[in-house]
1. Taking the Cα atoms only, what angle lies between the long axis of helix 3-29 and the longest principal axis of the chain, rounded to 10 degrees?
2. Of the options Thr228, Phe77, Gln14, report the single residue whose Cα projects farthest towards the positive end of the charge dipole of the chain (beta-carbon charges: Lys, Arg +1; Asp, Glu -1).
3. Dividing the convex hull volume of the Cα atoms of the chain by its residue count, what figure in Å³ per residue is obtained?
4. What 222 nm value per residue comes from the helices of the chain, counting each DSSP H run with n ≥ 4 as -39,500 (n - 2.57) and dividing by all residues, nearest 500 deg cm²/dmol?
5. Working from Cα positions, state the angle (0 to 90°, nearest 10) between the long axis of helix 57-71 and the longest principal axis of the chain.
6. Quick one: which residues, 5+ away or cross-chain, put their amide H under 5 Å from the amide H of Ser216? H built at 1.01 Å from N.
7. Compute from the Cα atoms of the range 3-182 the Rg and the Dmax, the latter being the longest Cα-Cα distance, and quote both in angstrom.
8. If you count, for each residue, the other Cβ atoms within 10 Å and average over each peptide, how do 110-117, 257-264 line up from highest to lowest?
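Derivation of every value follows stated rules applied to the coordinates shown; laboratory data play no part. Being a predicted model, the structure only gives us computed values, none of them experimental. So basically every Cβ, Gly included, is an ideal-geometry build from the backbone, and we count neighbours across all protein chains shown.
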Amino acid sequence: MNMNDLQHDNTARQVLEIEAQALLAARERLNGSFHRAVQLILRKCPPGKVVVMGVGKSGHVGHKIAATLASTGTPAFFVHPTEAGHGDLGMLTSNDVVLAVSYSGKSDELLRVLPYLKRNAIAAIALTGDGASPLAQHAEVWIDGSVQKEACPLGLAPTASTTLALALGDALAICLLRSRGFTPEDFAATHPHGTLGRRLLVTVNDIMLKGADLPSVRAHTTIRACLTEMSRGGIGVVGVTAQDGRLIGVYTDGDLRRTLDRNIDIHATPVSDVMTRAPMAMKPHQLAAEAADLMERHKVNAILVVDDAGKLIGAFNMRILLRAGVV
């Protein structure tokens, strides 16, 4: 490692230390103001929304705060203050709460919005570094986002202050999440394309083969005909049903190997003579993630699905679960 490498490592450590100290100092300053901000949002949202505003780096932070709030049970979106003055203020109602992020608390774009908020009785929370700033003075609640110094050696680029604002936004979101009793299932509902969403929302019915795609035969079907149906289904199993459609057995790749070991005439023997009786089955409303766990525990590659009357209505294998992103 050369001297430049050491210098870079030391600079990085200094940045992290400054920003960590800013977070710890803010932790010690927390007081009733933060509680009032949480209570204000809980009182108004829903039906109202948290409308986050900010300019420049604070605007980027505001986008993230709004996204975190929205994904954890508090309706929220970001509005740029400049766009607000050109018609986007029409998105706001008296039920909403504006969260204004500005370290100086003097951003012209935000200050120009204040008269509209006052005229329309729209509550505001100011997240700034100066409690005496115009923004903090005109807000219902001020959250202290001040830092002793920025990590930027020039004292110009927002660094520690934006990290703190981001962390305070996270703290606000988590306080609201806990107050609302937000659950993993609630989180999954707003993240249907994520891993958690797929595990908590995708049901067996969503992924199973059904109708004409479902590989199934009657009990009297010959083993040879059953093999044809197994090949057509492509999941390594065939459900065996009674005349009324009730599931009575399953024929698998493993059953085929055992059949061949017994030197049975596959052209004449009915599949009911060699099938596995009382097979494992699931209901369509069960989670696909449950199926994955069940298959892992019992070392099976496919599962059949029955309705409340015990009739065969579906089937799936591990490949289908993988394709659905459940495992």
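1. Compared with the principal axis, the helix lies near 80 degrees.
2. Thr228
3. On the way: hull volume 70.7 nm³, N = 327.
Residue-normalised Cα hull volume stands at 216 Å³.
4. Numbers: 15 runs with 149 residues, N = 327.
Computed mean residue ellipticity for the chain: -13500 deg cm²/dmol.
5. The answer is roughly 40 degrees.
6. Gly239
7. Values for the range 3-182 (Cα only, Rg and Dmax): 16.6, 60 Å.
8. Numbers: 110-117: 18.4, 257-264: 11.1.
The most tightly packed comes first, giving 110-117, 257-264.
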